[in-house]
Amino acid sequence: MDATLAKYKDIFEKKTFCYVATVGAGGDPQVTPVWCEFDGTHIVFNTARGRVKDKRLRRNPKVAIAAADPDNPYRYVQVQGRVTDITEEGADPHIDKMAKKYMGQDRYPGRKPGEVRLIVKVLPERVQGMG
């Protein structure tokens, strides 16, 4: 694990929103807040098939992610990396796990009929932090 990321990995253990930046086909950026975690190798978040993030990440796997420590917003980490995996496998239990972490609920209440959940794994390539 990158030494800088190791210094800030506790940020991902808290109820921290990760702000994920993607780039569209025309070069336009988009930033989306997501629930996230760090599995020791990847920054992991969940989305649904067909969403803008899903389409953009399949076209261009390069992302930037920023997360501020909710206990001290002047302490933050920013990561540049690339998506190494997008999978349906385990995505439903994962979104429920994230709902427990962020909302204290056993099941994700925002699930829509027919929605296919996806786990996205981002491999950090450059890491910077402050605080």
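The values are calculated or read from the model by the stated rules, or taken from the named source; none is laboratory data. Computed from a predicted model, the values in this text were never measured in an experiment. So basically every Cβ, Gly included, is an ideal-geometry build from the backbone, and we count neighbours across all protein chains shown.
See the values below:
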{"item": "Which numbered condition Asp85 fails, given (1) under 14 Å from the mean Cα position of the chain (by Cα); (2) at pLDDT below 95; (3) surrounded by fewer than 18 Cβ atoms within 10 Å (Cβ to Cβ)", "result": "(2)"}
{"item": "Hits in the stretch 26-62 - residues which are among the β-branched types (Val, Ile, Thr) and out of contact with any strand residue (DSSP E or B) (no Cβ under 6 Å at 6 or more places or on another chain)", "result": "Thr41, Val52"}
{"item": "Residue match in the stretch 65-77 (condition: out of contact with any Phe, Trp or Tyr (no Cβ under 6 Å at 6 or more places or on another chain), surrounded by fewer than 15 Cβ atoms within 10 Å (Cβ to Cβ) and at positive phi)", "result": "no"}
{"item": "Subset of the stretch 1-36 [of a type in the set (D, E, K, R) and farther than 17 Å from Gly129 by Cα]", "result": "Lys15, Asp28"}
{"item": "Selected residue [closer than 19 Å to Val120 by Cα, surrounded by fewer than 18 Cβ atoms within 10 Å (Cβ to Cβ), in contact (Cβ under 8 Å) with a residue 24 or more places away in the chain and touching a helix residue (DSSP H, G or I) at 6+ places or on another chain (Cβ under 6 Å)] from Lys9, Lys15", "result": "Lys15"}
{"item": "Residues that are closer than 16 Å to Asp28 by Cβ, of a type outside the set (A, V, I, L, M, F, W, C) and buried (at least 17 other Cβ atoms within 10 Å of the Cβ), drawn from the stretch 46-61", "result": "Lys53, Arg56"}
{"item": "Some residue of the stretch 97-109 being of a type in the set (Ser, Thr, Tyr), in a loop (DSSP other than H, G, I, E, B), farther than 28 Å from Asp28 by Cα and touching a helix residue (DSSP H, G or I) at 6+ places or on another chain (Cβ under 8 Å)", "result": "yes"}
{"item": "Boolean, Glu89 is assigned to a strand (DSSP E or B), closer than 20 Å to Lys53 by Cβ, among the acidic types (Asp, Glu) and out of contact with any Asp or Glu (no Cβ under 8 Å at 6 or more places or on another chain)", "result": "no"}
